[in-house]
Amino acid sequence: MLTGLVINNVVLIEKLELNFSKGLTVFSGETGAGKSVLLDSLALISGMRSDTGLIRTGAEKLSVTASFNIQNKKSPLFEICKENDIEISDEIIIRRVLSSDGKSKIFFNDTPISLKLLKTIGAYLLEIHGQFDNQGLLDPATHIDFLDAFGGYDDILEQTAISYQALKDLQKKLSEAIAAAEKNAHEEELLTHYQSELESMHIIKGEEKELTTKRLEMMNASKLLENLNAAYQALNGGSFASNIRHALSAIDKANRLSENKYQDILKILDSALVEVDEASNEITTAVENIELSANEIGTVEERFLALKALAHKHACAIDDLPDVLADISEKLKNIRKNSDNILAYQKELITAKDTYFQNALKLHECRQKAAMLLSERVQSELSFLKMNKAEFRIQIVKLPEDDWHAKGIDKVFFEVATNAGLPFGALSKIASGGELARFMLALKVHLASKTGVETLIFDEVDSGIGGSAAEAVGSRLYKLSQNVQVFVVTHSPQVASFGTTNFKVSKETKENTTTSTVTLLSDIQKKEEIARMLSGEQISDEARAAADKLISKTA
């Protein structure tokens, strides 16, 4: 609730500091005394756009500071502040400063915030109802939330929201899968061709080096044979091997004659002969492995060029082609898996849609019952508020499938007809500020404790009425103030008599400067103010007696 308000340099108010308590707070005073300045100041706190025209003449800036005590420990304010990294406790202070150059500053507990965030926060702190009311119940988009808050069927609301989110998630997955399938249709055909082409080649890692070596050998086969044969002839065709054998025989004889004195030389020559024989055999094998077949050369050349072309197509090395094939196979696997997902999502979607629709139908039925009960209660309030010819109804319209939402399949409208025979229309179409305020009062009597807003402000709620009608309005304002903090700006003595706290707004002019002041009234002063409202500036004893009678009714 609003606990304090400090106003500096706002229109007629130079400096004002007020403290507030629970219950019904009444502001009264003569027309033009400055009561609207209080509303303008509170509107700034609730997030209204600033206007330099509000700055008091001669001042460079205005400031409005409001302090609140949050009674509802489950208020969405705590979550909103958490989401915006703002510290919050039960006690909060909002300060707004506007300079004559148009620059504006907003602080929440000394933390700078944006106007957008202030408007979000302000919606949970204050509601101002009057001639220029453009928020809350006047916005048809809020009607469904007000009805649901009144109905109190939170469980089915939550189930509907959860099932709606599940439905939207599946729709998104299916949409993405179908889009991917359409996008991949051509790619799948191309990848399948690439996969078949690569698989048919049976490519082995390291094959490029093997083919390059073999190809080089075949291209130089005749020269290789010539050199290998020359080497073989050098080892076997001349006297080289024969000389080693002769040397080996001679050393063997010498060794026997000297008791193996030359055994080491014998071993060396014997090893040399073995090495020569092994070299000859290797040369023979090498010669046999060199193929001079023209067909074989063509086959190797053809495969090498084919692999080279594939590598160029896929912008990689020949040895990387097996990896390319693996990557293509994985892509095709995912594409085909996506097709399977589409079928799975389509089946799941049928179930999810049915679950959501069944929840939404239950919610629709709950709303119909709540709408009937709320309509009856509001209609009763309208009669009590002396608006006997007015009618109130709640329209619940089922939406087409494309417009279904997390709150169900319904659109909710609060509609009124101000006189018999007139068509029903939106609340915002009510021409009279007083009628509008009374409609809001009739609704708020049954909705205030459920909407989370802890301070309600009514302006012109008594416009155009008096006597028993005004007394009925005051009674309902007082009843409403038992659940939430209520402020009312009034010209009606009947309404003022119900105030638990009364303030008088007055103005005086000195040296061509007009200033408004706000005074907290004592019980005696309250009676005098009500008497003034009854009789004018010249207060008679009859007016005082009438004021006593009004106050006694509310005691």
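Structure notes:
- Packing-based ranking, highest mean first, of 467-473, 512-518, 99-105 given that Cβ atoms within 10 Å are counted: 467-473, 512-518, 99-105
- Estimated 222 nm signal from helices in the chain, with DSSP H stretches of n ≥ 4 weighted -39500 (n - 2.57), rounded to 500: -19000 deg cm²/dmol
- If the segment from THR31 to ARG256 were pulled out straight at 0.36 nm per residue, it would be longer than the present Cα-Cα gap by 66.1 nm.
- For LYS337, the lysines whose Cα comes closer than 21 Å to its Cα, not counting residues fewer than 8 places off in the same chain, are LYS172, LYS173, LYS183, LYS347.
- The stretch between GLU199 and ARG303, if pulled fully straight at 0.36 nm per residue, gains 36.0 nm over its current Cα-Cα span.
- Table column - 3J(HN,Hα) (Hz), region 505-513, Karplus curve with 6.51, -1.76, 1.60, x for Gly and Pro: 9, 9, 9, 9, 10, 10, 6, 6, 10
- Protection-proxy order for peptides 375-387, 69-81, each taking the mean of Cβ atoms within 10 Å per residue, highest first: 375-387, 69-81
- Each residue of the chain gets 311 Å³ once the volume of the Cα convex hull is shared out per residue.
- Fraction of beta bridges assigned by DSSP in region 416-555 that are antiparallel (%, nearest 5): 65 percent
- With the simple spin-label model, which puts each label point 7 Å out from Cα in the Cβ direction, the LYS398 to GLU330 separation comes to 5.0 nm.
- Too-long pairs where the Cα-Cα distance tops 24 Å, listed order kept, from LYS407/LYS444; LYS61/LYS82; LYS74/LYS444: LYS61/LYS82
- Here LYS510 is the anchor, and the lysines within straight C-alpha reach of less than 18 Å, apart from those fewer than 8 places off in the same chain, are LYS15.
- Within a straight-line Cα-Cα reach of under 16 Å, LYS209 can be paired with the following lysines, leaving aside sequence neighbours fewer than 8 residues apart in one chain: LYS308.
- Environment charge of LEU399, counting only residues whose C-beta is closer than 9 Å and scoring Lys/Arg +1, Asp/Glu -1: -2
- Available extension along the chain between SER114 and SER383 is 92.5 nm, counting 0.36 nm per residue and deducting the alpha carbon span.
- Here the 3J(HN,Hα) profile of region 530-543, calculated from phi with Karplus coefficients 6.51, -1.76 and 1.60 at θ = phi - 60°, is 5, 4, 4, 5, 7, 10, x, 5, 8, 7, 9, 5, 5, 5 Hz, Gly and Pro shown as x.
- Translational D in µm²/s for region 36-101 (Stokes-Einstein at 20 °C, 1.002 mPa s, Kirkwood Rh from C-alpha pairs): 158 µm²/s
- Beta bridge orientation in the chain: antiparallel %, DSSP, nearest 5: 75 percent
Any read-out appearing in this document is the output of simple, stated calculations on the displayed coordinates, not a laboratory observation. These numbers come from a predicted model, not from an experiment. Virtual Cβ from ideal backbone geometry, glycine too; neighbours counted across all protein chains shown.
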